[in-house]
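All of the numbers you see were taken from the coordinates with simple rules; none came from a lab. On a predicted model such as this, the values are computed, not experimentally measured, just so you know. Virtual Cβ from ideal backbone geometry, glycine too; neighbours counted across all protein chains shown.
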Amino acid sequence: MLDQQYPGIDGFLGTRGSFMLDVVFVAMLVMVPLMLFSIYLVRYRARFLLHKRIQVSLAMILSVAVAIFEIEQRLVPWTARALPSPYFDPHHKWSCVVGYSLLVHLLFAVPTAVLWIYVVVQALRKFDRLPLPNAYSGTHRYWARLAAMGMTMTAVTGWGFYYLAYVAT
């Protein structure tokens with residue numbers, strides 16, 4: 001599929017996506033099921049410490065991946081690789097299907113990143129080192145559900161953008 005040269009390092013999924021786009025795509029593909037599994041563990045198996053370890057690990061791994069991805073996006077614009085897409089118009093990059101899909105994705109991704117940081121930091125502050133239910137549990141559950149829904153929608157909308165911009169021909 002990569003019959004022409006694009007700026008930056010090519011990805012490994014065989015699309016027009018860059019290396020870090022592919023890393024984030026796969027990271028979200030792994031992260032969402034792990035996040036849901038972690039929620040299952042805490043809700044139905046009362047595995048509080050394992051839930052904490054999984055969530056903190058996911059937060060750290062995803063933070064590093066997104067930080068590197070954002071650096072790449074500042075150095076190599078996403079638009080060059082999207083040019084062959086029938087859904088992308090370089091003259092109206094924010095008012096074409098690809099642009100709209102990116103805006104929808106960002107509407108989920110940005111608030112979810114802030115919310116997830118808040119949920120993780122508050123959990124680390126308000127639960128003991130060996131976490132057990134306490135007075136903060138209800139509040140944590142409320143915000144964590146919103147964060148989990150936001151993370152799922154961030155992944156789904158990100159995958160949609162990826163397809164429209166870097167797979168569609």
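How large is the charge dipole for segment 70-169, taken about the Cα centre, if only the Cβ atoms of Lys, Arg (+1) and Asp, Glu (-1) carry charge, to the nearest 20 debye?
I would put it at about 340 debye.
Which of the helices in the chain, when you take each full DSSP H run, stretch at least 20 Å along the axis at their Cα atoms and have an average Kyte-Doolittle score of 0.5 or higher?
Membrane-span-like by this criterion, though nothing is claimed about a membrane: 19-44, 48-75, 97-126.
For a label point 7 angstrom out from the Cα of VAL156 toward its Cβ, which stretches of segment 8-42 have the backbone nitrogen within less than 14 Å?
In segment 8-42, the label zone of VAL156 (backbone N under 14 Å from the point 7 Å along Cα→Cβ) covers 32-33.
Using 0.36 nm per residue of separation minus the Cα-Cα distance, give me the extension gain between LEU83 and ILE61 in nm, one decimal.
Separation in residues times 0.36 nm, less the Cα-Cα distance, equals 4.9 nm.
Please get the size of the charge dipole for the chain, origin at its Cα centre, with Cβ charges of +1 on Lys and Arg and -1 on Asp and Glu, quoted in debye to the nearest 20.
980 debye
Simple spin-label model, 7 Å along Cα-to-Cβ: LEU103 to TYR40 in nm?
Going by the 7 Å Cα→Cβ label model, 3.8 nm.
Enumerate by residue number the trypsin sites (Lys or Arg not before Pro) in segment 1-82 meeting two conditions: DSSP loop (anything except H, G, I, E, B), and at most 13 other Cβ atoms within 10 Å of the site's Cβ. Spell out each step's value before the answer.
Working: sites: ARG16, ARG43, ARG45, ARG47, LYS52, ARG53, ARG74, ARG81; in loops: ARG16, ARG45, ARG47.
In loop regions of segment 1-82 (DSSP not H, G, I, E or B), the sparsely surrounded trypsin sites (Lys or Arg not before Pro) are ARG45.
Taking R0 as 22 Å, what FRET efficiency do you get between VAL76 and VAL110 from their Cβ-Cβ distance, rounded to the nearest 0.05?
0.60
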